[in-house]
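Participant: Structure incoming, see below.
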Amino acid sequence: MARLVVINHGTPPKAADRKTVKLGRCDQEAAQWFLRRGFVVAFALRRGYGETGGVDEENADGCRHADFVRSGLESALDVDAVVSYTSNLPFVLPTGVIVVGQSTGGWATIAYNSGPHLKVSAFINMAGGRGGHVDGVPNRNCRPDLLIDAAKYFGKTATTPMLWIYTANDSFFGPQLAASMWRAFTSAGGKAEFDQLGPYGQDGHRLFFGRGGSEIWGPLVEHYLK
């Protein structure tokens, strides 16, 4: 039996592209990093993604009054369903699960930590957030003030120390916004190691799944999981 890693995907900037989102692959660099270390890796699509489509339950309900708390909690429900199912497989350890998420998936990890998660012992947030690229414009965010407030809300009840990784040239959640979310989360009681890395490629938001990315984030994750 092996320890489980659940990897959670982000969201395309255009709503119409949600149906094109596909499952991660075991031959991807991010998955291989964990597989080589003896973990079982699980990918899953949340509600409203992929060929089956459906209602976007994690939608923040527009920009003006964006509800990033509700959005995150809806994502967390799907992550919890994946954890509950895959941790009961006969070749998987039932506890000690690691939840990793990039972008919207990262926001889901923050939200998930704020509620019950008896089987999960580690959360890794890779460039997590919501509301980036408003109208398709890089470095333009939807109500960053509400995103920061939501991070504070989740921090009040988060119980497991997290790892947060962001980059200097993230076009969705730049350094100032990332640091503000982390400060709000930790000031409310949440515990998180915050690593603000240098630039990666053309857009640091792609670090986790990008080529050579594991050489950068890998040592940080390895240290966190010790």
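Laboratory data are not the source of any read-out in this text; all were calculated from the coordinates shown. Bear in mind the structure is a predicted one, so any value in this text is a computation, not a measurement. Cβ: placed from backbone, ideal geometry, glycine included. Neighbour counts: every protein chain shown.
Participant: Suppose R0 equals 25 Å; then what is the FRET efficiency for Asp203 and Arg25 from their Cβ-Cβ distance, rounded to the nearest 0.05?
Facilitator: 0.75
Participant: So between Ala2 and Asp149, what do we pick up on full extension, going 0.36 nm a residue minus the alpha carbon distance?
Facilitator: Taking Ala2 through Asp149 to full extension adds about 49.2 nm, to one decimal.
Participant: What pairs from Lys119/Lys156; Lys19/Lys156; Lys19/Lys226; Lys14/Lys226; Lys152/Lys226 go past 31 Å between their alpha carbons?
Facilitator: Over 31 Å Cα-Cα: Lys19/Lys156; Lys19/Lys226; Lys14/Lys226.
Participant: For the chain, which cysteines have no disulfide-compatible partner, meaning no other cysteine Cβ under 4.7 Å?
Facilitator: Cys26
Participant: Where does the charge balance sit around Leu45 when Lys and Arg score +1, Asp and Glu -1, over other residues with C-beta under 11 Å from its C-beta?
Facilitator: Surrounding charge for Leu45 is +3.
Participant: Can you give the net charge of the other residues whose Cβ lies under 14 Å from the Cβ of Gly96, counting K and R as +1 and D and E as -1?
Facilitator: Residues near Gly96 contribute +4 overall.
Participant: Which loop trypsin sites (Lys or Arg not before Pro) in the range 62-165, with loop taken from DSSP, have no more than 10 other Cβ atoms within 10 angstrom of their Cβ?
Facilitator: Counting only loop positions with at most 10 other Cβ atoms within 10 Å, the trypsin sites (Lys or Arg not before Pro) in the range 62-165 are Arg64.
Participant: Using helices alone, I'd like the mean residue ellipticity at 222 nm for the chain: each DSSP H run of four-plus residues gives -39500 (n - 2.57), total over residue count, nearest 500.
Facilitator: Using -39500 (n - 2.57) per qualifying helix, the result is -10000 deg cm²/dmol.
Participant: Could you go through the range 158-170 in sequence order and give the Karplus-derived ³J(HN,Hα) for each residue, using 6.51 cos²θ - 1.76 cosθ + 1.60 with θ = phi - 60°, rounded to whole Hz, and x for Gly and Pro?
Facilitator: 5, 10, 10, x, 10, 10, 10, 10, 9, 10, 5, 10, 6
Participant: Would you please report the Å³ per residue occupied by the convex hull of the alpha carbon atoms in the range 72-125?
Facilitator: 62
Participant: What does the charge add up to near His65, with Lys and Arg as +1, Asp and Glu as -1, over the other residues with Cβ less than 13 Å from its Cβ?
Facilitator: Local charge sum for His65: -1.
Participant: Sticking with this structure for a sec: Taking one equal scatterer on every alpha-carbon of the range 68-162, how large is log10 of I(q)/I(0) by Debye at q = 0.20, 0.23, 0.24 1/Å?
Facilitator: Debye intensities relative to I(0), on a log10 scale: -0.91, -1.13, -1.21.
Participant: Within the P(r) computed for the chain, what percentage of the Cα pairs occupies the region above 30 Å?
Facilitator: That tail contains 15 percent of the Cα-Cα pairs.
Participant: Which residue, chosen from Ala60, Leu35, Val79, occupies the Cα position most advanced towards the positive end of the dipole of the chain, where the dipole is computed from +1 (Lys, Arg) and -1 (Asp, Glu) charges on Cβ about the Cα centre?
Facilitator: Leu35
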